[in-house]
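Student: Submitted below is the structure of interest, expressed as structure tokens.
The values are calculated or read from the model by the stated rules, or taken from the named source; none is laboratory data. The structure displayed is predicted, hence computed values, not measured ones. Cβ atoms come from the backbone with ideal geometry, glycine included; neighbour counts cover every protein chain shown. The protein model used for the area step is the full one, side chains on, heavy atoms only, and it has no ligands, DNA or RNA in it. Shrake-Rupley method; radii C 1.70, N 1.55, O 1.52, S 1.80 Å.
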Amino acid sequence: MIDAPPRPGAARRRALADFLRSRRARIAPEEVGLPHGTRRRTPGLRREEVAQLAGVGVTWYTWLEQGRDIRASEQVLDAIARTLRLDRNESAHLFTLADVARTTTPDCPVMSPGLERMLTKLEPFPAIVQNTRTDILAFNRGYDWLMDVADVPVDERNSILLAFTRPDWRARIVGWSDNMPASVAQFRAAMASHLTEPSWKCLVKRLRAESPEFEVMWNRHEVAAPKNFTKRYRHPEAGLLAFDATYLWLGCRSELRLVTFTPADDETAAKLPAFT
């Protein structure tokens, strides 16, 4: 008797289960702020650890890895993708296997040709496009010169995450300990509209696990609105730089913003590179 071929849905769910297990196995507990322990029989994270970090139920995530016929929302898949540190292609593959259509895409779609030209025209002044979660969605060469953001993996390009977890990023921010409480207060205020979203909760869990300084600031429960102010940086080659940071919101109700950094003094202006 010849076995019937597997139904497309069942085959897809099995592929999803295999993919999730393979991505989970490559992440060391220490990478997400968890102790390694001595009783791990398999490499990588445990299922319950992925579920905890992503803000989903352990049983539900176990069923997902077992290839059961369950549905996942876009928000939950985004949280799982961030927890497993998937890059853009891996994240798209996850959504395809889960048979979930994305209503929003994380990186390029916000970049209209007009906005791309604007970023280019602002050079050599640094400029970025961000959302309220502080993900860096686009940047120009001036900002890359200032912060070396092109060397950061796409799924790690988040300003508050980089400021608290990357020593090289932190070293470039003059007055880090004085400025970051306001950044955390702005982030907490923005999160009030996203309290139930797994991607926000996952980011907060990671920051609290990896940064004692963030944990202290977060527990103060301070809130603040974004404001324009002078930011100072220490560039490895150009030295001390001062910029007036300006937030330009891309629409009345949009959570996307163009952040420009214009030289606050003639000395900074003279140090900017010339792009051709």
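Student: Report yes if K201 is modelled with pLDDT under 90, of a type outside the set (G, A, S), open to solvent by 30 Å² or more (accessible area, probe 1.4 Å) and over 28 Å from E74 (Cβ atoms), otherwise no.
Tutor: Numbers: modelled with pLDDT under 90: yes; of a type outside the set (G, A, S): yes; open to solvent by 30 Å² or more (accessible area, probe 1.4 Å): yes; over 28 Å from E74 (Cβ atoms): no.
Considered against the rule, which asks whether it is modelled with pLDDT under 90, of a type outside the set (G, A, S), open to solvent by 30 Å² or more (accessible area, probe 1.4 Å) and over 28 Å from E74 (Cβ atoms), K201 comes out as no.
Student: Follow-up. Among the residues of the range 138-163, which ones are assigned to a helix (DSSP H, G or I) and more than 11 Å from the chain's Cα centre (by Cα)?
Tutor: R141, G142, Y143, D144, W145, L146, M147, V149, A150, D151, A163
Student: Would you confirm, using the coordinates I've provided, whether V56 is open to solvent by less than 60 Å² (accessible area, probe 1.4 Å), assigned to a loop (DSSP other than H, G, I, E, B) and either touching a Cys at 6+ places or on another chain (Cβ under 6 Å) or touching a residue at least 24 places away in the same chain (Cβ under 8 Å) (or both)?
Tutor: yes
Student: Does the range 205-228 contain at least one residue that is β-branched (V, I, T) and either part of a strand (DSSP E or B) or open to solvent by less than 70 Å² (accessible area, probe 1.4 Å) (or both)?
Tutor: No, because not a single residue in the range 205-228 is β-branched (V, I, T) and either part of a strand (DSSP E or B) or open to solvent by less than 70 Å² (accessible area, probe 1.4 Å) (or both).
Student: Right, another one. Of the numbered conditions (1) of a type in the set (D, E, K, R); (2) touching a helix residue (DSSP H, G or I) at 6+ places or on another chain (Cβ under 6 Å); (3) more than 22 Å from L240 (Cα to Cα), R117 satisfies every one except a single condition; which is it?
Tutor: Here R117 meets the rest and fails (2).
Student: Sticking with this one: Return the residue satisfying two criteria in turn: it lies in the range 16-33 and is open to solvent by less than 40 Å² (accessible area, probe 1.4 Å) and either touching a Pro at 6+ places or on another chain (Cβ under 7 Å) or touching a residue at least 60 places away in the same chain (Cβ under 8 Å) (or both), and of such residues it is nearest to A98 (Cα to Cα).
Tutor: Applying the filter and picking the extreme gives L16.
Student: Is it fair to say R41 is outside any helix (DSSP H, G or I) and open to solvent by 90 Å² or more (accessible area, probe 1.4 Å)?
Tutor: Values: outside any helix (DSSP H, G or I): yes; open to solvent by 90 Å² or more (accessible area, probe 1.4 Å): yes.
Against the criterion (outside any helix (DSSP H, G or I) and open to solvent by 90 Å² or more (accessible area, probe 1.4 Å)), R41 qualifies.
Student: Please verify whether A238 is open to solvent by less than 40 Å² (accessible area, probe 1.4 Å) and aliphatic (A, V, I, L, M), treating the condition exactly as stated.
Tutor: When the stated conditions are applied, A238 passes them.
Student: (1) over 20 Å from A10 (Cα atoms); (2) under 21 Å from the mean Cα position of the chain (by Cα): which one isn't true of E48, the others all being true?
Tutor: (2)
Student: Taking into account only those residues within the range 241-256 that are free of Cβ contacts under 8 Å to residues at least 60 places away in the same chain, more than 20 Å from K271 (Cβ to Cβ) and of a type outside the set (A, V, I, L, M, F, W, C), which is surrounded by the most Cβ atoms within 10 Å (Cβ to Cβ)?
Tutor: Y247
Student: Restricted to the range 110-130, and to residues that are among the polar types (S, T, N, Q) and outside any helix (DSSP H, G or I), which residue is most open to solvent (accessible area, probe 1.4 Å)?
Tutor: First, pick out the residues of the range 110-130 that are among the polar types (S, T, N, Q): 112, 120, 130.
Now drop any that are not outside any helix (DSSP H, G or I), which leaves 112, 130.
On the way: S112: 55, Q130: 12 Å².
My answer is S112.
Student: To continue, here is another question. Given the criteria in contact (Cβ under 8 Å) with a residue 40 or more places away in the chain, open to solvent by less than 40 Å² (accessible area, probe 1.4 Å) and not hydrophobic (A, V, I, L, M, F, W, C), does R133 qualify?
Tutor: On the way: in contact (Cβ under 8 Å) with a residue 40 or more places away in the chain: yes; open to solvent by less than 40 Å² (accessible area, probe 1.4 Å): yes; not hydrophobic (A, V, I, L, M, F, W, C): yes.
So R133 fits the description; yes.
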